[in-house]
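The values are calculated or read from the model by the stated rules, or taken from the named source; none is laboratory data. Remember, it's a predicted structure, so these values are computed and weren't measured experimentally. Glycine gets a Cβ as well: all are built from the backbone with ideal geometry, and neighbour counts include every protein chain shown.
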Amino acid sequence: MENITALILAAGLGTRMKTNLPKVLHPIGGGTILGRVISNLRAAGVKNIVTVVGYKAELIEKHFKGVGKFVVQKELLGSGDAVLRGLDAVEGAEGGVLVTCGDTPLIEGETYRKLIEAYSKDKVSCALLTCDAKDPFAYGRIIRNAEGEVLKITEEKDLSGEEKKIQEINVGTYCFKKDELKKFIKKIEVNEKKKEFYLTDIVEILTCDNKKVLTLECDIEEALGINDRGDLVLANRIMNNKKIDQLLESGVTILSPETTVIDETAVIGKDTVILSNTVIEKDVTVGSNCRIGPFSRLRPGTKLADEVEVGNFVEINRTNVGSRTRVKHHTYLGDTTVGCDVNIGAGTITANYDGKDKHHTIIEDNVSIGVGVTLIAPVKIGAGAKIGAGSVVTKNKDVKPGETVIGVPAKPLHK
Ligand code: UD1
Ligand code: CA
């Protein structure tokens, strides 16, 4: 693949979001809008990334420290100006520049890859993503001649009555030859209605100079630009639905998809059943034949082996759980390693945080924990041990394998 630099435009105010936070730092899936744009570009094999920031630039830079370069666009003079500023940070005279918006997080890595491929293969001056939208309102439209060749892109505000009916929209993602982009971007004139330099005007400048512009169509669900809170809801819904469809396809039962939230990174084995109102977050692995929910929350870094049961109002965080273990009601397990065939009674809590540091709990195979038990970490419960209902096992007071303890603080039960 050609050495491509991606230029992400993320300086905008995000006015329509009505937010104090930069728009691109809003949450989507388990991350942020910009984070998803970056990871999708990485998935396409793009190594060099330059992000143009403006509004609360320092917050964005701090959040993505070490991720490529950042250029500050001091005055928000439009997407054309943003590209002009960003180009200063693109090294080397040769190669391609992929320009994308920081607010279109659903464009898949595979789509970026195809666009780069189309651009490189046909040696065009510009390859851009388009798609057919039922409701094209607010997007730039692709204007073509009678032969179907691209002439220009026109923004909503500048469309004539007839042009408003055009459903082919500009997704806001383009590949350009760097030297041409540098040359022609300077020819963009300010748009009188919005007093901004529109990057989209470069298409007409190129076609008037007989340069080749080609389009690549993508899925409408990928094109969504996040401009307001409603778009954010829609984007999260699209991602969640995609993930749930993939899981259903792979043999997972999800009984109430409309109340279930599953991060795209989660891995779930065959014949596992997920019940309503369950939330499965980033980097969670669930084995086969498990039963999760209703009302369960599996937080990042949790791994469940096969045939595990997790029930209502159970939260599991950075924890490994062995096969056939049951955690069925009102429990919190954090920073814990649980063995196989363990039964954890209702209301059991691992106290993993002492106000300063997090500590680990180990619960070995075949342990039986009664209801309402508190385990104060760091602590280890040996294989086959039993903890009586209502006990508090205090820190470093490990329970020996096979031992039965009870009380507050928990002590061995003398027969
Ligand atoms: C833009 C496109 C439109 C396309 C749509 C796709 C232009 C003129 N229009 O419209 O054709 O259909 O995206 O989602 O480009 N930005 C800066 N600096 C600025 C202005 C904007 O960095 O001075 C950034 C924004 O942060 C944003 C991106 O550029 O990420 C696009 O700007 P936005 O105002 O959202 O443009 P749209 O009206 O959505
Ligand atoms: Ca936008």
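Scan region 324-350 for residues that are part of a strand (DSSP E or B) and either under 13 Å from Val314 (Cα atoms) or over 30 Å from the mean Cα position of the chain (by Cα) (or both) and jot them down.
Listed by number, the residues that qualify are Arg326, Val327, Lys328, His329, Tyr332, Leu333, Gly334, Asn343, Ile344, Ile349, Thr350.
So which of Asp219, Asp201 ends up being more than 17 Å from Leu77 (Cβ to Cβ) and away from ligand 2 (no atom under 16 Å from the Cβ)?
The unique qualifying residue is Asp219.
Only one residue in Thr374, Thr350 is out of contact with any Lys or Arg (no Cβ under 6 Å at 6 or more places or on another chain), surrounded by 20 or more Cβ atoms within 10 Å (Cβ to Cβ), modelled with pLDDT of 95 or more and polar (S, T, N, Q), so which one is that?
Just one listed residue meets the conditions, Thr350.
Give me a count of the residues in region 98-114 that are within 15 Å of ligand 1 (Cβ to nearest atom) and either aliphatic (A, V, I, L, M) or surrounded by fewer than 24 Cβ atoms within 10 Å (Cβ to Cβ) (or both).
Summing the residues that are within 15 Å of ligand 1 (Cβ to nearest atom) and either aliphatic (A, V, I, L, M) or surrounded by fewer than 24 Cβ atoms within 10 Å (Cβ to Cβ) (or both) in region 98-114 gives 7.
In the list Leu232, Leu247, Leu216, which residue meets the criterion of being under 17 Å from Ile28 (Cα atoms) and crowded, with 18+ Cβ neighbours inside 10 Å?
Answer to the check: Leu232.
Taking the criterion of being farther than 20 Å from Ala383 by Cβ and hydrophobic (A, V, I, L, M, F, W, C), would at least one residue in region 334-346 satisfy it?
Yes, that holds for at least one residue.
As an exercise: evaluate Lys194 against (1) within 16 Å of ligand 2 (Cβ to nearest atom); (2) touching a Gly at 6+ places or on another chain (Cβ under 8 Å); (3) outside the structural domain of Cys126 (by TED's automatic domain parsing); (4) not small (Gly, Ala, Ser) and give the number of the one condition it does not meet.
(3)
Output the number of the condition that Thr278 fails; it satisfies all remaining conditions of (1) more than 16 Å from ligand 1 (Cβ to nearest atom); (2) under 29 Å from Leu76 (Cα atoms).
Answer for Thr278: the failing condition is (2).
Kindly list, by first and then second residue, each pair from a residue in region 340-364 that is at positive phi to a residue that is of a type in the set (A, V, I, L, M, F, W, C), limited to pairs with Cβ atoms under 9 Å and residues at least 6 apart or on different chains.
Note: pairs meeting the criteria are Asp341/Val367; Gly347/Val371; Gly347/Val373.
I need the full set of residues from region 1-33 which are farther than 19 Å from Gln73 by Cα, assigned to a helix (DSSP H, G or I) and under 19 Å from the mean Cα position of the chain (by Cα), in order please.
Listed by number, the residues that qualify are Met17, Ile33.
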